[in-house]
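Q: The structure is given below, and queries will be raised subsequently.
Readers should treat all values here as calculations from the given coordinates under stated rules, not as data from a laboratory. Nothing here was measured: the structure is a model prediction, and the numbers come from that model. Neighbour counts run over all protein chains shown; Cβ positions are idealised from the backbone, glycine included.
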Amino acid sequence: MHFYVTCTDKDGALETRMANREAHLAFVAENTDTIKIGGPFLSEEGAMLGSMLICEADDKESLEAFLANDPYAKAGLFASVEIRPWKWIIGAPA
């Protein structure tokens, strides 16, 4: 099952994001079986202020447990995280 994940950074947390970015990107690279697509949300000026992921997992609970190991989550970067089931139609891999 696929899930759409939106994470909103805490206000003024760019320093936290940047301090943990390398570890976060390594976590993503090591887990492409779960994290299918991802990237940061940007302000009008181009500053990173959140994240969007498309993930594959058996259920929401197992995905929540998995995402808790992301260095961004461990660093307390996010003010909120929303996980919703999602049906991949357009551009889905074969």
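Q: Helix-only mean residue ellipticity at 222 nm, the chain, DSSP H runs n ≥ 4 weighted -39,500 (n - 2.57), per residue, nearest 500. What is it? Walk me through the numbers before you get to the answer.
A: Values: 3 runs with 29 residues, N = 94.
Value at 222 nm, helices only, nearest 500: -9000 deg cm²/dmol.
Q: Set the Förster distance to 25 Å, then compute FRET efficiency between residue 21 and residue 88 from the Cβ-Cβ distance, nearest 0.05.
A: 0.40
Q: Can you list, largest first and rounded to whole Å, the semi-axes you get for the chain by taking the square root of 5 times each eigenvalue of its Cα gyration tensor? Present the calculation step by step, with values, prior to reporting the outcome.
A: Numbers: eigenvalues 98, 43, 31 Å².
With the √(5λ) rule applied to the chain, the semi-axes are 22, 15, 12 Å.
Q: Something else: Could you pull out the trypsin sites (Lys or Arg not before Pro) across segment 32-94 that fall in loop regions by DSSP (anything but H, G, I, E, B) with no more than 13 other Cβ atoms inside 10 Å?
A: On the way: sites: 36, 60, 74, 87; in loops: 87.
Answer by residue number: 87.
Q: Here is a follow-up. With r as the distance between the Cβ atoms of residue 29 and residue 62 and R0 = 22 Å, compute the FRET efficiency 1/(1 + (r/R0)^6) and round to 0.05.
A: With a Förster radius of 22 Å, E is 0.60.
Q: Further question on the same structure: Tilt of helix 14-30 relative to the longest C-alpha principal axis of the chain, in degrees (0 to 90, nearest 10)?
A: Tilt relative to the chain: about 30 degrees.
Q: Before anything else, pin down the relative contact order of the chain: Cα pairs under 8 Å, at least 6 apart, normalised by residue count, whole percent. Could you put the intermediate results ahead of the total?
A: Details: 141 pairs, mean separation 45.6, N = 94.
Once normalised by length, the contact order is 49 percent.
Q: Enumerate the amide H contacts of residue 37 below 5 Å, restricted to partners 5 or more residues apart or on another chain; note that Pro and chain-start residues carry no placed amide H.
A: Correct list: 54.
Q: With just the Cα atoms defining each centre, how far is segment 24-80 from segment 1-16? Give it in Å.
A: Their Cα centres are 7 Å away from one another.
Q: Within segment 10-28, list the residues whose amide N lies under 13 Å from a label point set 7 Å along Cα→Cβ of residue 44.
A: Counting backbone N atoms under 13 Å from the label point, the list is empty.
Q: A further question on this structure: Check cross-link reach from residue 36 to the lysines: straight Cα distance under 20 Å, and skip same-chain residues fewer than eight apart.
A: Straight-line reach from residue 36, under 20 Å: 60, 87.
Q: Counting only GluC sites (Glu not before Pro) that are in a DSSP loop and have at most 15 other C-beta atoms within 10 Å, tell me the longest site-free stretch of the chain. Could the numbers behind the result be given before it?
A: Working: sites that count: 44, 45.
Here the longest run is 46-94.
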